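Please read through the structure below; I'll follow up with questions.
The values are calculated or read from the model by the stated rules, or taken from the named source; none is laboratory data. Here the structure is a predicted model, which means the values were calculated and not measured. Glycine gets a Cβ as well: all are built from the backbone with ideal geometry, and neighbour counts include every protein chain shown. SASA here: full protein model, heavy atoms, side chains in, ligands and nucleic acids out. Shrake-Rupley method; radii C 1.70, N 1.55, O 1.52, S 1.80 Å.
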Amino acid sequence: MAKSILIVDDSSVVRRALVRLFADSGFEVCGEANSGGEAIEKAEQLNPGLIVLDLSMPLMNGIQAARYLRQVLPRVQIILLSDYGGMFPEREARSAGIAAIVSKAECSTVLLYTARTLLRQTAA
């Protein structure tokens, strides 16, 4: 599981918590972004194996960013983090190339398990 992770959330508190969670769990966090636009720039520079992307961000939401990311990095795995617990169109998220959707209300174990599973699939 040598692939790196890009963390994207407009809340600096959430970003720091996610970075700490992944780093403490043995993942390599290659970068952080606070918007969809910054996520695209950093992803193109860093070429991560996985992007953990917040759904609700100003200007460009996570689904919009994922559509663009899928075009420029077709092999990157994307986990969409949502505050909404399934109250958004999952079909739209999947069609944007999002590999997994995890609610922010779920425990961190679910997020870490999903990340490990996706990175293993990419390595295989």
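Given the Cα-Cα distance of T122 and E41 and 0.36 nm per residue of separation, how much length would full extension add, in nm?
Net length gain for the segment: 27.0 nm.
For the pair S4 and Y113, how long in nm is the line joining their label points, each one 7 Å along Cα→Cβ?
Taking the simple label geometry, S4 and Y113 are separated by 2.9 nm.
On to the next question. One-quarter of the Cα convex hull surface for the chain, in nm²?
The orientation-averaged projected area of the Cα hull of the chain comes to 6.6 nm².
Right, next: Residue by residue, what Karplus-based ³J(HN,Hα) values in Hz, rounded to whole numbers, does region 54-67 have, using 6.51, -1.76 and 1.60 with θ = phi - 60° and x for Gly and Pro?
5, 6, 9, 9, x, 6, 9, 6, x, 5, 4, 5, 4, 4
Before anything else, pin down the relative contact order of the chain: Cα pairs under 8 Å, at least 6 apart, normalised by residue count, whole percent.
24 percent
Summing -39500 (n - 2.57) over the DSSP H runs of n ≥ 4 in the chain and dividing by its residue number, what mean residue ellipticity at 222 nm do you reach, to the nearest 500 deg cm²/dmol?
About -14000 deg cm²/dmol.
Could you size up the charge dipole of region 1-108 around its Cα centre, putting +1 on the beta carbon of Lys and Arg and -1 on that of Asp and Glu, and report it in debye to the nearest 20?
Rounded to the nearest 20 debye, it is 260 debye.
For the residue pair A17 and R75, what label-to-label distance in nm results when each label sits 7 Å from Cα along the Cα-to-beta-carbon direction?
3.4 nm
By the scheme Lys and Arg +1, Asp and Glu -1, what is the net charge of all other residues having a beta-carbon under 13 Å from that of S56?
Taking every Cβ under 13 Å from that of S56, the sum is -3.
Continuing with the same structure: Pop a pseudo-label 7 angstrom from the Cα along the beta-carbon direction at both R91 and L59 and give the gap in nm to one decimal.
Output for this residue pair reads 3.2 nm.
Also: List every residue whose amide H lies under 5 Å from the amide H of S103, counting only residues 5 or more places away in sequence or on a different chain, with H placed 1.01 Å from N in the peptide plane.
The list, which skips near neighbours in sequence, is S82.
Another question, if that's okay. Enumerate by residue number the trypsin sites (Lys or Arg not before Pro) in region 38-103 meeting two conditions: DSSP loop (anything except H, G, I, E, B), and at most 10 other Cβ atoms within 10 Å of the site's Cβ.
Those satisfying the criteria are R75.
Right, another one. If you roll a 1.4 angstrom probe over the protein chains with everything in place, what fraction of the accessible area of region 19-108 belongs to carbon and sulfur, to the nearest %?
Whole-percent figure for carbon plus sulfur exposure: 47.
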